[in-house]
Amino acid sequence: QVQVVESGGGLVQAGGSLRLSCTASGSIFRIAQMAWHRQAPGKERELVAVIRDGGDGQYADSVRGRFTISRDKTGNTVYLQMNSLKPEDTGHYYCFAEGRTSIARGPFGSWGQGTQVTVSS
């Protein structure tokens, strides 16, 4: 079992910044990649940023240059630094982690419950 928990959302004015955190815990052998997705009301969930083990972050065109994804030294926590926020960044932000569990090295893919980001104009 692998649990994923996000934090750091909130209400911010346009042009402001927020930093989201996501920690995966449980029976983890290795995390291959962690990603942030978001879903706005009435829209489909979309990939915002992803970071793979040993790699650099990759971003959706809509956030490139404004958002930065990073992982801590343990590799189990990922951050999303969001600068120059726009009202269209409003949505529920979800963290997704995938890799191998410590139980027979089986694969896992786990979502968190998400955290709300609201950007006012």
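The values are calculated or read from the model by the stated rules, or taken from the named source; none is laboratory data. Keep in mind it's a predicted model, so treat the numbers as computed, not measured. We place every Cβ from the backbone using ideal geometry, glycine too, and count neighbours over all the protein chains shown. Each accessible area value is taken on the protein alone, full model and side chains, heavy atoms only, with ligands, DNA and RNA left out. Shrake-Rupley method; radii C 1.70, N 1.55, O 1.52, S 1.80 Å.
Below are the figures for this structure:
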{"item": "Exclusive hit being without any contact (Cβ under 8 Å) to a residue 24 or more places away in the chain and of a type in the set (S, T, N, Q), set THR74, THR118, THR90, THR101", "result": "THR74"}
{"item": "Segment 104-115, subset in contact (Cβ under 8 Å) with a residue 40 or more places away in the chain and on the phi > 0 side of the Ramachandran plot, residue most open to solvent (accessible area, probe 1.4 Å)", "result": "ARG105"}
{"item": "Residue list for segment 80-97, restricted to those being crowded, with 19+ Cβ neighbours inside 10 Å and part of a strand (DSSP E or B)", "result": "LEU80, MET82, GLY91, TYR93, TYR94, CYS95, PHE96, ALA97"}
{"item": "Test: residue in segment 52-70 that is touching a helix residue (DSSP H, G or I) at 6+ places or on another chain (Cβ under 8 Å), open to solvent by 50 Å² or more (accessible area, probe 1.4 Å) and on the phi < 0 side of the Ramachandran plot", "result": "yes"}
{"item": "Hits in segment 39-61 - residues which are among the basic types (Lys, Arg) and within 16 Å of the chain's Cα centre (by Cα)", "result": "ARG45, ARG52"}
{"item": "Options GLN13, GLN33, GLN39; residue that is under 25 Å from ARG100 (Cβ atoms) and of a type in the set (S, T, N, Q)", "result": "GLN33"}
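Yes or no, residue by residue, for (1) in contact (Cβ under 8 Å) with a residue 12 or more places away in the chain; (2) polar (S, T, N, Q); (3) within 23 Å of GLN3 (Cα to Cα):
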| position | (1), (2), (3) |
| --- | --- |
| SER25 | yes, yes, yes |
| TRP36 | yes, no, yes |
| GLN39 | yes, yes, yes |
| ASP56 | no, no, no |
| ILE69 | yes, no, yes |
| SER84 | yes, yes, no |
| TYR94 | yes, no, yes |
